[in-house]
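Here is the structure we will look at, set down as structure tokens.
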Amino acid sequence: MDILEASIVHHIALVLLVLWILSSLGWANPVVFFVALFYLYKVNECYLLRLRRRLEFEGRKSANQLRLFSDSESVRWLNHVVEKVWPICMEQIASQEFLLPIIPWFLEKYKPWTVRKAVVQHLYLGRSPPVFTGMRVIRESTDDDHLVLELGMNFLSADDMSAILAVQLRKRLGFGMRVKMHVTGMHVEGKVLVGMKFLRQWPFLGRVRVCFLEPPYFQMTVKPIFNHGIDVTELPGIAGWLDKILADAFEQTLVEPNMLVVDVEKFASMPTESWFTVDERHPIALAKVEIIEATEVKPSDLNGLADPYVKGQFGPYRFQTKIQKKTLAPKWLEEFKIPITSWETPNILVLEIRDKDFVFDDMLGDCSIDIADLRGGQRHDKWLTLWNINTGRLHLAITVLDIDSKKKSLQGKEKSSDEGLSKTAETDSPESNSMAQHTCTSSEVGRKIVDEFEPINIEGQQETGMWIHHPGSCAAKSETRLPGEDSAGNDSPRSLASECSDTNNAEKSYRNDVHGLRTIRRGLHKFGNKFHRGQKNESPS
């Protein structure tokens, strides 16, 4: 019997057992049978979704295999080498030296609010190595990588894979209960981008950067009771919740432009130091999307009306408006701010109008718009005609705000105000030259700060060799330095951070001095007024 069918049989047996117990206790009623039927329906829906995804990736896998045998750059030799080396040392390096230091950081950052603590107690990836379905060399690199490879990877674990995840719930929810989750299977498939930077001395490989070109296919099997029982990830509700957490974790850390950066020098020579970080890119612009209203919406309910809402997607960012009950001309008047990380990739905003139902939401039409065409900071009022439907229009307004220009305008305002304060201070104090020097250093440091490095802390290690790289919005593409690298300008993140702190302290002292000068001037002015009044009162006598 297939594993899928066996799992469905487990669910049916569990439902029948619960119904038999309730019938013996005299608690059986039509509501219980309806809930049981609805539960089996949702289980079947989850299985169909997983089966559909599995068939899609099987089709892609077969297509990649056909291309593998017909392509001139075959990777059969690479798969043969990995297959021989995997059980000897590669599995241990991948699981014990690579994944175990990284997983606690991911669990701490992306754990749900119901979990107080999560620890990986054991990890073994199994005897099956990953399979590479294709390899391509990217000749033009936009960064300082000497070699950039695009690899098609497919990792499907064998039956002997085992991993134990200990989870402690919060006291408010689960009374601090501790549960052990057994991961017995894993399937990861996607396209991986690998960038390498070489050195002239040992270990000759200075840095490796890894990321997925697009969100990968990820599926795992979790069983709570000693590798037996029902797969937890197949239960209704938990499946979507777990998929959402995994999708957020991948998209915010390991999907381009975010990347995992490995310092090979620290990894090879000093194993006590942390050698990894994850690279995240900050947005360069914000798109303020105002969902105003819709007209001529298609009726989808029996009463001739609809319960419409708008569902939007912009790359990995998703949003949804509130539901307007029983109307064909809904008015939402809601605003969403969408981060934009790059103008080089397609920036298409996809909007769907759906009708809220108890089981399945009906599609009332969709439309899309290119955000890149609306740059400039102006408010663009649009009426979009819905596709795939005979009627309906959506009214929205989009304003694209460039973060760089916004910062420059704010800096200009601060500069003008600082100039006004400095002019008033020059008439009273000779210390204006030092204040002007402080403002100059602040502007210089603002131009130096380009990237932000978020270190991933590993227990028992003082310095880190792995970090999350947040490229700045105006990051120079000519060279990317690792944290701790020496340069002529001494532009390391730590030195820049220290300069920023010094600059902030200088600005604070500067503002305090100006404020003090103002108070002294006010006091002298009041004292002079009193003196003049006294003279006027004494003059008639």
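Only one entry in 172, 127 is open to solvent by 30 Å² or more (accessible area, probe 1.4 Å), under 27 Å from residue 210 (Cα atoms) and of a type in the set (D, E, K, R), namely 127. Contact map, the stretch 104-122: residues that are assigned to a loop (DSSP other than H, G, I, E, B) paired with residues that are exposed (fewer than 14 other Cβ atoms within 10 Å of the Cβ), Cβ distance under 6 Å, separation 6+ or inter-chain. Pairs shown: 114/173. Only one of the numbered conditions (1) surrounded by 14 or more Cβ atoms within 10 Å (Cβ to Cβ); (2) modelled with pLDDT of 90 or more is violated by residue 98, and that is (2).
Within the stretch 327-355, the set of residues being modelled with pLDDT of 90 or more, charged (D, E, K, R) and farther than 14 Å from residue 286 by Cα comprises 331, 334, 352, 354, 355.
Filtering the stretch 168-180 down to residues that are assigned to a strand (DSSP E or B) and out of contact with any Leu (no Cβ under 9 Å at 6 or more places or on another chain), which residue is farthest from residue 87 (Cα to Cα)?
Within the stretch 168-180, the match that is farthest from residue 87 (Cα to Cα) is 169.
I'd like to verify a number: residues in the stretch 58-81 that are modelled with pLDDT under 80, of a type outside the set (S, T, N, Q) and part of a helix (DSSP H, G or I), how many?
Of the stretch 58-81, the ones modelled with pLDDT under 80 are 60-74.
Keeping just the survivors that are of a type outside the set (S, T, N, Q) gives 60-61, 63, 66-69, 71, 73.
If we keep only those that are part of a helix (DSSP H, G or I) too, we end up with 60-61, 63, 66-69.
The number of residues fulfilling the criteria is 7.
Quick one: which of 233, 184 is crowded, with 17+ Cβ neighbours inside 10 Å, modelled with pLDDT under 70 and not in a loop (DSSP other than H, G, I, E, B)? Don't jump to the end; show me each part of the working.
Details: 184 fails: modelled with pLDDT under 70.
Exactly one residue qualifies, and that residue is 233.
Please work out if residue 292 is open to solvent by 20 Å² or more (accessible area, probe 1.4 Å) and modelled with pLDDT of 85 or more. Answer is yes for this residue.
Restricting attention to the stretch 139-162, which residues are out of contact with any Phe, Trp or Tyr (no Cβ under 7 Å at 6 or more places or on another chain) and not in a loop (DSSP other than H, G, I, E, B)? Break it down into steps so the answer makes sense when it comes.
Our first condition is that a residue be out of contact with any Phe, Trp or Tyr (no Cβ under 7 Å at 6 or more places or on another chain); within the stretch 139-162, this holds for 139-145, 147-150, 154-160.
Listed by number, the residues that qualify are 147, 148, 149, 150, 154, 155, 156.
Looking across the stretch 333-375 at every residue that is of a type in the set (Phe, Trp, Tyr) and surrounded by fewer than 16 Cβ atoms within 10 Å (Cβ to Cβ), the one that is nearest to residue 214 (Cα to Cα) is identified as 343.
Could you check residue 381 against (1) assigned to a strand (DSSP E or B); (2) in contact (Cβ under 8 Å) with a residue 40 or more places away in the chain; (3) closer than 22 Å to residue 294 by Cα and say which number it fails? The one condition residue 381 does not meet is (2). Scan the stretch 117-133 and tell me whether some residue there is modelled with pLDDT under 85, under 17 Å from residue 254 (Cβ atoms) and touching a Phe, Trp or Tyr at 6+ places or on another chain (Cβ under 7 Å). Scanning the stretch 117-133, I find no residue that is modelled with pLDDT under 85, under 17 Å from residue 254 (Cβ atoms) and touching a Phe, Trp or Tyr at 6+ places or on another chain (Cβ under 7 Å), so the answer is no.
The values are calculated or read from the model by the stated rules, or taken from the named source; none is laboratory data. Just so we're clear, the structure is a prediction, and the values are computed from it rather than from any experiment. Every residue, glycine as well, gets a Cβ built from its backbone with ideal geometry; the counts of neighbours run over all protein chains shown. For the accessible areas, the whole protein counts, side chains as well, though only heavy atoms, and no ligand, DNA or RNA atoms are used. Shrake-Rupley method; radii C 1.70, N 1.55, O 1.52, S 1.80 Å.
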